[in-house]
Amino acid sequence: MRGDNVFAEIKAAVDIAAVCRDYGIEPDRQNKALCPFHTEKTPSFSVSREKQRYHCFGCGEGGDVIDLVANLEKISPLEAARKLDMNYGLNLFETPKNDGKKRLGTSVLESKKRRRKAARTEMKTWADGAHDDLCRKRRALFAAGQDCAYADFLLDSLEEDPLGFRAAYGSDVSALLPAAPPPPPERD
Ligand code: ZN
């Protein structure tokens with residue numbers, strides 16, 4: 001769950017000892033302080049910087065930095081997490097939205113790339129086929145002694161700019177050139 005991640009990130013980013021000091025709890029060299037949760041004369045509130053947890057041997061209160069703020073402020077752990085996020089400038093609660101947008105952006109870009117690549121492949125396949133058709137017709141016209149200038153022009157245009165060619169002439173090239181007339185009947 002996203003919420004758990006934010007909690008974990010806050011616990012990793014915020015030092016519980018610093019938060020204690022923010023609330024006027026000053027742990028001594030043994031990391032003990034007077035407990036803010038019950039009245040006492042000798043410190044039994046203990047802070048572990050290694051574990052990033054607090055525990056009171058007097059009243060049994062204990063937990064992590066988010067529990068500490070929640071209990072001190074009498075607010076929910078989520079509110080405490082938001083408070084720490086804001087006070088320490090972490091902005092972890094805003095990050096997921098931006099992350100989501102970035103991920104979406106990337107995937108849209110990726111699929112656009114894929115579509116462009118597919119379109120290029122499709123265009124190349126079509127252009128190769130159209131080129132073959134035109135060449136075949138040109139050979140037939142040439143063999144029949146017909147003028148091949150228009151066929152040459154079409155072939156040049158196709159080679160130069162397949163996309164423009166298809167836009168101008170359509171994808172069906174078979175009708176662009178006249179069929180070669182049948183060879184004249186032989187006479188005796
Ligand atoms: Zn206590």
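Taken together, the values in this text are just the output of simple stated rules run on the coordinates, not laboratory data. Owing to the predicted nature of the structure, the values given are computational and were not obtained by experimental measurement. Virtual Cβ from ideal backbone geometry, glycine too; neighbours counted across all protein chains shown.
Net length available on complete extension from Lys117 to Lys41 is 19.8 nm, with 0.36 nm assigned per residue and the Cα-Cα distance removed. With the biggest extent put first, the Cα atoms of the chain measure 134, 24, 22 Å across the principal axes.
Please report, to one decimal in angstroms, the Kirkwood hydrodynamic radius of region 2-87 built from all distinct Cα-Cα pairs. Please report the intermediate quantities before stating the final value.
Numbers: mean 1/r = 0.0775 Å⁻¹.
Result for region 2-87 stands at 12.9 Å.
What size of dipole, in debye to the nearest 20, comes out for the chain about its Cα centre when the only charges are +1 on Lys and Arg C-beta atoms and -1 on Asp and Glu C-beta atoms?
Numbers: 30 positive and 30 negative charges, 93 e Å.
In debye, rounded to 20, the chain gives about 440.
For region 20-57 versus region 110-180, the inter-centroid distance based on Cα atoms is 83 Å.
When peptides 57-70, 8-21 are sorted by average Cβ neighbour count within 10 Å, with the highest value leading, the order is 57-70, 8-21. Ranking Ala144, Leu68, Pro36 by Cα position along the charge dipole of the chain, where only Lys, Arg, Asp and Glu carry charges on their C-beta atoms, puts Pro36 farthest toward the positive end.
Looking at the chain alone, DSSP beta bridges between its own residues are antiparallel in about 100 percent of cases.
Quick one: dipole size for region 111-169, taken about the Cα centre, charges +1 on Lys/Arg Cβ and -1 on Asp/Glu Cβ, in debye to the nearest 20. Please list the in-between numbers first.
Working: 13 positive and 10 negative charges, 150 e Å.
In total the dipole reaches around 720 debye.
Normalised by the number of residues in the chain, the average gap of Cα pairs under 8 Å and 6 or more apart makes the relative contact order 13 percent.
Can you tell me the relative contact order of region 2-87? Whole percent, Cα pairs under 8 Å, sequence separation 6 or more.
Details: 109 pairs, mean separation 19.8, N = 86.
Result for region 2-87 is 23 percent.
Principal-axis analysis of the Cα atoms of the chain puts helix 149-160 at an angle of about 10° to the longest axis.
When only C-alpha pairs under 8 Å and at least 6 residues apart count, what is the relative contact order of region 1-46, in percent?
22 percent
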